[in-house]
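The values are calculated or read from the model by the stated rules, or taken from the named source; none is laboratory data. Keep in mind that what you see is a predicted model, and the values were worked out from it rather than measured. Positions of Cβ are generated from backbone atoms using ideal geometry, with glycine treated the same way; all protein chains shown enter the neighbour counts.
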Amino acid sequence: MSPQPGKYYSTAVYTTKEGKWPHERYFTTHPLQYVGEFRHHVSHGYRDNAMHADVFWLDGKEVMVPYTYDGTTCFVEVFKDKIDI
C-alpha cells in the first residue's frame, strides 16, 4: 500500500509474508512505530544506488522513513482520533 497525503500511518519492517500477489498478507515481529501524517515521497539516485523514502509530519517535525533495499517496509493507516501515544 502506498501512503496517501493527509492520512496517518504507523510503519514496521515485515518479517514474514503469506500468499501470492495480489492477495499477500504481511506480518512482523517488530513493534509498529507511529510516524504521523503522510506528506510526500522522495527519491534520489537510480538503479541500485537509488534511495526512496516517505516523509511524514509528526509533532511539528518532518519524519523520514526510508524504504529497505529488499522492499520490506510496510505502512498501516491509523485514525488520528484513535491514537493512544
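Give the residues of the range 17-45 that are touching a residue at least 12 places away in the same chain (Cβ under 8 Å) and of a type outside the set (A, V, I, L, M, F, W, C), sorted by residue number.
Our first condition is that a residue be touching a residue at least 12 places away in the same chain (Cβ under 8 Å); within the range 17-45, this holds for 26-42.
Those that are touching a residue at least 12 places away in the same chain (Cβ under 8 Å) and of a type outside the set (A, V, I, L, M, F, W, C): 26, 28, 29, 30, 31, 33, 34, 36, 37, 39, 40, 41.
I'm trying to understand the selection: among the residues of the range 73-85, which are in a loop (DSSP other than H, G, I, E, B) and within 17 Å of the chain's Cα centre (by Cα)?
Here is the first cut: in the range 73-85, the residues in a loop (DSSP other than H, G, I, E, B) are 79, 83-85.
Selection gives 79, 83.
A quick yes/no check of all residues on (1) within 16 Å of residue 60 (Cα to Cα); (2) not hydrophobic (A, V, I, L, M, F, W, C):
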{"site": "6", "(1), (2)": "yes, yes"}
{"site": "9", "(1), (2)": "yes, yes"}
{"site": "13", "(1), (2)": "no, no"}
{"site": "19", "(1), (2)": "no, yes"}
{"site": "40", "(1), (2)": "yes, yes"}
*Of all residues in the range 1-24, how many are over 14 Å from the mean Cα position of the chain (by Cα) and basic (Lys, Arg)?*
2
*Search the range 1-45 for residues being surrounded by 10 or more Cβ atoms within 10 Å (Cβ to Cβ) and small (Gly, Ala, Ser), and hand back the single one that is modelled with the lowest pLDDT.*
43
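Give the residue, chosen from 48, 70, 54, that is part of a helix (DSSP H, G or I) and either without any contact (Cβ under 8 Å) to a residue 60 or more places away in the chain or surrounded by 12 or more Cβ atoms within 10 Å (Cβ to Cβ) (or both). Show your work before the answer.
Numbers: 70 fails: part of a helix (DSSP H, G or I); 54 fails: part of a helix (DSSP H, G or I).
Being part of a helix (DSSP H, G or I) and either without any contact (Cβ under 8 Å) to a residue 60 or more places away in the chain or surrounded by 12 or more Cβ atoms within 10 Å (Cβ to Cβ) (or both) holds for just one of 48, 70, 54, which is 48.
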*Report the residue count in the range 25-62 for those that are under 26 Å from residue 80 (Cα atoms), among the acidic types (Asp, Glu) and over 16 Å from the mean Cα position of the chain (by Cα).*
1
